[in-house]
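Participant: First, the structure itself, so that you have it in front of you.
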Amino acid sequence: MKKFNLSKTTKDNLWTYGIVLVIALITGILLLTGNLSSLMEGLLVPICSYVILAVSLNLTVGILGELSLGHAGFMCVGAFTSAFFSKLTENVITVDIVRFILAIIIGAAFAGLMGILIGMPVLRLKGDYLAIVTLAFGEIIKNVINVLYIGIDSKGIHFSMKDSMALGLEPDGKIIIKGAQGITGTPKDSSFLIGVILIFITLFIVLNLIHSRDGRAIMAIRDNLIAAESVGINITKYKMMAFSISAALAGVAGVLYAHNLNSLMATPKNFGYNMSIMILVYVVLGGIGNIKGSVIAAVVLTVLPEVLRGMNNYRMLIYAIVLIVIMLFSWSPKCLEWREVFMEKYIRPRFAKKTSEEGK
Amino acid sequence: MALLETKNLSISFGGLRAVDGFNIKIEQGQLYGLIGPNGAGKTTIFNLLTGVYRPSEGKIFLDGEDITGKKTIDINKAGVARTFQNIRLFKKLSVKDNVKVGLHNSYHYSTLCGIFRLPHYYKVEAQMNERAMELLKVFDLDGDAETTAENLPYGKQRKLEIARALATNPKLLLLDEPAAGMNPNETIELMNTIRFVRDKFQMTILLIEHDMKLVSGICEELTVLNFGKVLTQGKTGEVLNNPEVIKAYLGE
């Protein structure tokens, strides 16, 4: 029999896909057998979109090495453009899945485009400055959408930033985006299955990108910009590539999120600063540059507050303690040392034994 | 025609004339040394040659082509590669990937080809791996190919930097203090490697070095720099015995 010799990166990638598959299967079985509370059921699609967000932000933060605090802004762009499209074509394209695939493409394209537009000025900055400016752009996107009014009638699409009266619609017209009230009645096309498929597509894109020629260039820029330039890497091109792909994937998460809600509003809670920070927490806790970790962190940290709901007042307190403990466990030097010793003592010898036996 | 020629190369930082009227002519295949006391402007000259700084005055010609004021990546594409005084590796990447980043512009496939793993991707990656391993073998690093670069011992990190620079297929290799921080044995090994690189790749090498044993051992010609100005130029033996040079290094 031919023995498969997988490289370390391939093995690592398979682990990542495997983890998602296992979590999805377990959740799927629980869902089908009716063992999931309605609360958890409602969380399934948001969890999928948080996972996509965490993985895509890890591309910017972990792989490109630039701290972005405006990731929710790109999600917002994806959510609203796609919801707008779906609402507009609800009666034109009657096959749900076709309309949803088109919505995903549109959401990703607009978010990616926004990534390029914002990336052009922002990526000239470094470190803290870049973080602050992305934060500002994220808020700008949210606030602009909050005052946006778009309506449609027989004459075409009307647009205003004042109020719904300023649209001047004919009596037969309908308002699609209604300022702070957002979009209501978006077709509910998202499902857990679609969410999982989108997670796989995101992982496929991100992992394959990392382990390709372009990915190496992006990581080279992260590790040493001056050296990367000296071996002929086009810094602007690759920074822009990583940033816009990351933005486009955040857009996909936005599409998924938007098509799960009956009324989509750009509130600070779902598309604001808090959201951006929350995604960053997933990335940091999962390990910067560790895609597998982002997935796990996003799932655990979304489920955790809901599981703790029974403890009522102490819920957020425990959540905070758990956050701190994970942080200490994954980053403190003593813990790292302990983990290393543990691996050396108990895990490695077993593997070594196995391989030496296989060798015979 | 000289491979590298500079004419009256100068740069000022504010009121400081860091490099003043620097002229040099390096022939194809030469091993050329650039020496001088600390702060003489040696690394500044490297930064001028590789486009990190733009010269205030003067011209740089590589193989007859004017590369003055070009961007770093274009100068690299024109055929100048360098190493750094303080090692600048891609720390988190594997040793092999460091070299593969150096091969970036020699092997091509599109982004989509990389994401969707088309057959072309596997073909080009295999070629890149093969070429990278060839280069690593030259420096006796092939056993460490999968090691993370930051975990290499110091001497090997220096070698990896040279390997990465060579991966860009340059005409001229600039080495900034390659022997810094090495013990005498490592230095001798490095001397052999540099000579080997020159012979195997028919490379032209310009190096900055403080270790006089290395300089007198391998450099054919020298330029001595002091306070941004050329003190003397010529054959290694003559230059090192020049009383002016001794004075610049040791004082009166």
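The values are calculated or read from the model by the stated rules, or taken from the named source; none is laboratory data. A quick note: this is a predicted structure, and the numbers were derived from the prediction, not measured. Here the Cβ is made from the backbone with ideal geometry for all residues, glycine too, and neighbour counts use every protein chain on show. Just so you know, the surface numbers come from the protein's heavy atoms only, side chains and all, with ligands and any DNA or RNA stripped out. Shrake-Rupley method; radii C 1.70, N 1.55, O 1.52, S 1.80 Å.
Participant: Can you tell me which residue within the stretch A:128-158, out of those that are more than 20 Å from A:I118 (Cα to Cα) and surrounded by fewer than 13 Cβ atoms within 10 Å (Cβ to Cβ), is nearest to the chain's Cα centre (by Cα)?
Facilitator: So, considering only residues that are more than 20 Å from A:I118 (Cα to Cα) and surrounded by fewer than 13 Cβ atoms within 10 Å (Cβ to Cβ), the one nearest to the chain's Cα centre (by Cα) is A:G156.
Participant: Oh, and also: Looking for whichever is open to solvent by 40 Å² or more (accessible area, probe 1.4 Å), more than 24 Å from B:L3 (Cβ to Cβ) and not small (G, A, S) here; the options are B:K70, B:K100, B:K77, B:K123. Which one fits? Please lay out each step first, then the result.
Facilitator: On the way: B:K70 fails: more than 24 Å from B:L3 (Cβ to Cβ); B:K100 fails: open to solvent by 40 Å² or more (accessible area, probe 1.4 Å); B:K77 fails: more than 24 Å from B:L3 (Cβ to Cβ).
One residue alone meets the criteria, B:K123.
Participant: Would you call B:T223 open to solvent by less than 30 Å² (accessible area, probe 1.4 Å), polar (S, T, N, Q) and closer than 19 Å to B:K42 by Cα?
Facilitator: Yes.
Participant: Inspect the stretch B:141-161 for any residue being open to solvent by 10 Å² or more (accessible area, probe 1.4 Å), in contact with a Leu (Cβ under 9 Å, 6 or more places away or on another chain), among the small types (G, A, S) and at pLDDT 90 or above and give the result as yes or no.
Facilitator: yes
Participant: Right, another one. Only residues that are open to solvent by 40 Å² or more (accessible area, probe 1.4 Å) and not aliphatic (A, V, I, L, M): list them for the stretch A:236-285, please.
Facilitator: A:T236, A:K237, A:N262, A:S263, A:T267, A:P268, A:K269, A:Y273, A:N274
Participant: State whether one or more residues within the stretch B:103-111 are under 26 Å from B:R195 (Cα atoms) and more than 10 Å from chain A (Cβ to nearest Cβ).
Facilitator: No; the residues of the stretch B:103-111 include none that is under 26 Å from B:R195 (Cα atoms) and more than 10 Å from chain A (Cβ to nearest Cβ).
Participant: While we're on this one: Could you run through the stretch A:286-297 and say how many residues are open to solvent by less than 50 Å² (accessible area, probe 1.4 Å) and part of a loop (DSSP other than H, G, I, E, B)?
Facilitator: Counting residues in the stretch A:286-297 that are open to solvent by less than 50 Å² (accessible area, probe 1.4 Å) and part of a loop (DSSP other than H, G, I, E, B) gives 2.
Participant: Please enumerate the residues belonging to the stretch A:133-144 that are in contact with a Gly (Cβ under 8 Å, 6 or more places away or on another chain) and under 29 Å from A:G168 (Cα atoms).
Facilitator: The answer is A:E139, A:I140, A:I141, A:K142.
Participant: Further question on the same structure: Only one of (1) within 14 Å of another protein chain (Cβ to nearest Cβ); (2) in contact with a Lys or Arg (Cβ under 8 Å, 6 or more places away or on another chain) fails for A:D153. Which number is that?
Facilitator: Every condition holds for A:D153 apart from (1).
Participant: State the number of residues belonging to the stretch A:164-187 that are touching a helix residue (DSSP H, G or I) at 6+ places or on another chain (Cβ under 8 Å), in a helix (DSSP H, G or I) and crowded, with 19+ Cβ neighbours inside 10 Å.
Facilitator: Result for the stretch A:164-187: 1.
Participant: Also, I was wondering about something else. Suppose we filter B:N86, B:N38 for residues that are part of a loop (DSSP other than H, G, I, E, B), within 11 Å of chain A (Cβ to nearest Cβ), open to solvent by 60 Å² or more (accessible area, probe 1.4 Å) and not basic (K, R); which single one remains?
Facilitator: Result: B:N86 is the single residue among B:N86, B:N38 that is part of a loop (DSSP other than H, G, I, E, B), within 11 Å of chain A (Cβ to nearest Cβ), open to solvent by 60 Å² or more (accessible area, probe 1.4 Å) and not basic (K, R).
Participant: For the stretch B:89-101, indicate whether the set of residues that are at the interface with chain A (Cβ under 10 Å from one of its Cβ atoms) and among the acidic types (D, E) is non-empty.
Facilitator: yes
Participant: Take the stretch A:199-218 and flag every residue that is within 8 Å of another protein chain (Cβ to nearest Cβ) and outside any helix (DSSP H, G or I).
Facilitator: Correct list: A:S212 only.
Participant: Give the residues of the stretch B:97-151 that are part of a loop (DSSP other than H, G, I, E, B) and more than 19 Å from B:I162 (Cα to Cα), sorted by residue number. Outline the logic, then answer.
Facilitator: Within the stretch B:97-151, the subset part of a loop (DSSP other than H, G, I, E, B) is B:103-110, B:116-118, B:139-141, B:145-147.
Passing the criteria: B:Y107, B:H108, B:Y109, B:S110, B:F116, B:R117, B:L118.
Participant: Another question, then. I'm told A:L203 meets every condition in (1) open to solvent by 60 Å² or more (accessible area, probe 1.4 Å); (2) under 21 Å from A:A72 (Cα atoms) except one. Can you identify the failing condition by its number?
Facilitator: (1)
Participant: Would you point out which residue out of A:T33, A:T27, A:T81, A:T10 is open to solvent by 10 Å² or more (accessible area, probe 1.4 Å) and in contact with a Gly (Cβ under 7 Å, 6 or more places away or on another chain)? If you could, list the steps in order and put the result at the bottom.
Facilitator: Working: A:T33 fails: in contact with a Gly (Cβ under 7 Å, 6 or more places away or on another chain); A:T27 fails: in contact with a Gly (Cβ under 7 Å, 6 or more places away or on another chain); A:T10 fails: in contact with a Gly (Cβ under 7 Å, 6 or more places away or on another chain).
It is A:T81.
Participant: So B:F196 clears everything in (1) outside any helix (DSSP H, G or I); (2) in the same structural domain as B:T72 (by TED's automatic domain parsing); (3) loosely packed, with under 15 Cβ neighbours inside 10 Å except one condition, right? Which one?
Facilitator: Every listed condition holds for B:F196 apart from (1).
Participant: Any idea how many residues of the stretch A:219-229 are within 8 Å of chain B (Cβ to nearest Cβ), among the aliphatic types (A, V, I, L, M) and open to solvent by less than 50 Å² (accessible area, probe 1.4 Å)?
Facilitator: Quick first cut of the stretch A:219-229, residues within 8 Å of chain B (Cβ to nearest Cβ) only: A:219-220, A:222-224, A:226-229.
The next check asks that each one be among the aliphatic types (A, V, I, L, M); those that pass are A:219-220, A:226-228.
In the following step, the residues that additionally are open to solvent by less than 50 Å² (accessible area, probe 1.4 Å) were identified as A:219-220, A:227-228.
Adding up the residues that qualify gives 4.
Participant: Test A:H71 against the stated conditions and say whether it is surrounded by fewer than 22 Cβ atoms within 10 Å (Cβ to Cβ) and touching a helix residue (DSSP H, G or I) at 6+ places or on another chain (Cβ under 6 Å). Before the answer, list the steps.
Facilitator: On the way: surrounded by fewer than 22 Cβ atoms within 10 Å (Cβ to Cβ): no; touching a helix residue (DSSP H, G or I) at 6+ places or on another chain (Cβ under 6 Å): yes.
Spelling it out, it is not the case that A:H71 is surrounded by fewer than 22 Cβ atoms within 10 Å (Cβ to Cβ) and touching a helix residue (DSSP H, G or I) at 6+ places or on another chain (Cβ under 6 Å).
Participant: Further question on the same structure: When you go through (1) farther than 30 Å from B:R17 by Cβ; (2) away from chain A (no Cβ under 14 Å); (3) free of Cβ contacts under 8 Å to residues at least 12 places away in the same chain one by one for B:A126, which number turns out not to apply?
Facilitator: (2)
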